[in-house]
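Working notes for the structure below.
The values are calculated or read from the model by the stated rules, or taken from the named source; none is laboratory data. Since we're looking at a predicted model, the values are computed, not measured. Cβ sites come from the backbone with ideal geometry, for glycine too, and all protein chains shown count toward neighbours. Side chains included, ligands, DNA and RNA excluded: accessible areas come from the protein's heavy atoms. Shrake-Rupley method; radii C 1.70, N 1.55, O 1.52, S 1.80 Å.
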Amino acid sequence: MQFGIFSVSDITRDPVSGETPSEAERIDAIVQIAEKAEEVGLDVFAIGEHHNPPFFSSAPTTLLSHIAAKTKKLIVSTATTLITTNDPVRIAEEYAMLQHLAKGRMDLMLGRGNTAPVYPWFGQDIRQSLPLALENYNLLHRLWREDVVDWEGKFRTPLQGFTSTPRPLDDLPPFVWHGSIRTPEIAEQAAFYGDGFFANNIFWPKEHYMRLIKFYRQRYAHYGHGTEKQAIVGLGGQAYIAKRSQDALNEFRPYFNEAPVYGHGPRMEDFMEQTPLSVGSPQEVIDKTLTFREHFGDYQRQMFLMDHAGLPLKTVLNQLDLLGEEVVPVLRKEIESRQDPETAKPPTHAVRLEEKYGDQPARQPKPNANRGDNVTGGSPYQDSE
């Protein structure tokens, strides 16, 4: 099981101090948070993609490249890469480059996002959101697996003899998670390609996600990628931890009450009962997180949202100390002792490299000599037939 944290990159007023951090302060803070995640023994750091205030993560590959350079083991990922409003050619190029720079310590999560105005900003129609997502990923999937692509679709200009560069590290495409909170077509897409399915298990009752994950597992097996137990599942979650339960409730309450997403709504205790939100002592967070496996089966990645709703940097770093020192080690031990042996390993670059090549050397594409523009339709690589 991989454990990590993800951020939506919100810049939110601290309801206790009344201060709102600047964009510069939040960008600096998120780098410190990612470094702290590695320091306390977490496996993954992920960032969302947004193109509007009050968010700062409009360029996730730039941010993740910087974080990868400042860490040694941490897997960097996205909490959303917008498959609808990004050109799949640019996604193929930028994330392959990130994969090289991170030496394989990366993956990405594709999603449609939840900000309607972003579509016309990038020349798209939100009414075509789902077919855009399906078509764009079909192209992205091919760009990472075929040296030369001829392609024609509905939403972008055709490609003739196109090569996406650089080729993926070790000729092994980055692992893709498909993120969804409500759309079975996205679960179907993840299953069809044998990719991972990430249920951002935050705001809705467990029964909703149980249906989506069950459907994904069934379709994963249907397409011949493995058994239902071998499907690759990730979950989100929220947590606020303190040594004493009552301290956690008291400290987090003003942030919950003023949070842009769920503030001024249900009582925190009601929200905790109805959703995966965990506010309490380390043991209480452990106990609640262990129930996820009971509801959804064995899974490969558990992510926590911990820097949201205006929490100051110092508080977030203290939270990560508690998560990494008192919560995750117990969860690792408990989950390992309960896990079905048929459960697939987390899809790291090393694991997938062994699956593809065994003990043989990985392919390392080398271009032929420059012939001018090198756009001829034939393969530009020396080892192509």
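A few points about this structure:
- Local electrostatic count, THR61, Cβ distance below 14 Å [Lys/Arg +1, Asp/Glu -1]: -3
- In this structure HIS50 has an accessible area near 30 Å², from a 1.4 Å probe over the protein heavy atoms.
- Compared with the dominant Cα axis of the chain, that is its longest principal axis, helix 88-101 is turned about 70°.
- Protection proxy ranking of 351-357, 73-79, 314-320 - average other beta-carbon atoms within 10 Å, highest first: 73-79, 314-320, 351-357
- Of all accessible heavy-atom area on the range 1-152, the percent that carbon and sulfur account for (1.4 Å): 51
- Rg/Rh for the range 15-59 (Cα atoms only, Rh after Kirkwood) is 1.03.
- For the range 256-307 versus the range 144-158, the gap between their alpha-carbon centres in whole angstrom: 41
- Cα pair count fraction exceeding 23 Å, expressed as % - the range 1-109: 28
- Evaluated at q = 0.13, 0.15, 0.24 Å⁻¹: base-10 log I(q)/I(0), Debye formula over Cα of the range 164-247: -0.51, -0.62, -1.07
- Neighbourhood charge, 12 Å Cβ-Cβ cut-off, centred on LEU249 and excluding it, Lys, Arg +1 and Asp, Glu -1: -1
- For MET272, the accessible area of its heavy atoms, probed at 1.4 Å with every protein chain present, is near 40 square angstrom.
- When restricted to Cα atoms, the range 277-380 yields an Rg and a Dmax of 22.2, 64 Å, respectively.
- Values of log10 I(q)/I(0) for the range 262-312 across q = 0.28, 0.29, 0.32 Å⁻¹ run -1.26, -1.28, -1.31, by the Debye formula with one identical scatterer at each alpha carbon and no solvent.
- Mean Cβ neighbour count within 10 Å, used as a protection proxy, ranking 85-92, 330-337, 285-292 highest first: 85-92, 285-292, 330-337
- Each DSSP beta bridge with both residues in the chain is either parallel or antiparallel, and the antiparallel ones are about 10%.
- Computed from Cα atoms, the angle from the helix 129-143 axis to the main principal axis of the chain rounds to 50 degrees.
- Cα-based equivalent ellipsoid of the range 161-207: semi-axis lengths in Å, sorted from largest, via gyration tensor: 29, 12, 9
- For the range 197-250 versus the range 77-111, the gap between their alpha-carbon centres in whole angstrom: 22
- Taking a sphere under 14 Å around the Cβ of PHE45 and counting the other residues whose Cβ falls inside, with K and R at +1 and D and E at -1, yields a net charge of 0.
- At q = 0.11, 0.25 Å⁻¹, base-10 log of I(q)/I(0) for the range 68-148 (Debye sum, equal scatterers on each alpha carbon): -0.33, -1.17
- Take 236-247, 188-199 and order them by the average number of nearby Cβ atoms within 10 Å per residue, most first; the result is 188-199, 236-247.
- Histogrammed with a bin width of 5 Å, the alpha carbon distances of the range 194-325 distribute as 2, 10, 19, 21, 17, 13, 8, 6, 3, 1 percent, first bin at zero.
- Taking the C-alpha atoms only, the angle from helix 23-39 to the longest principal axis of the chain is near 90 degrees.
- Using only side-chain charges placed at the Cβ, +1 for Lys and Arg and -1 for Asp and Glu, the dipole size of the chain relative to its Cα centre rounds to 320 debye.
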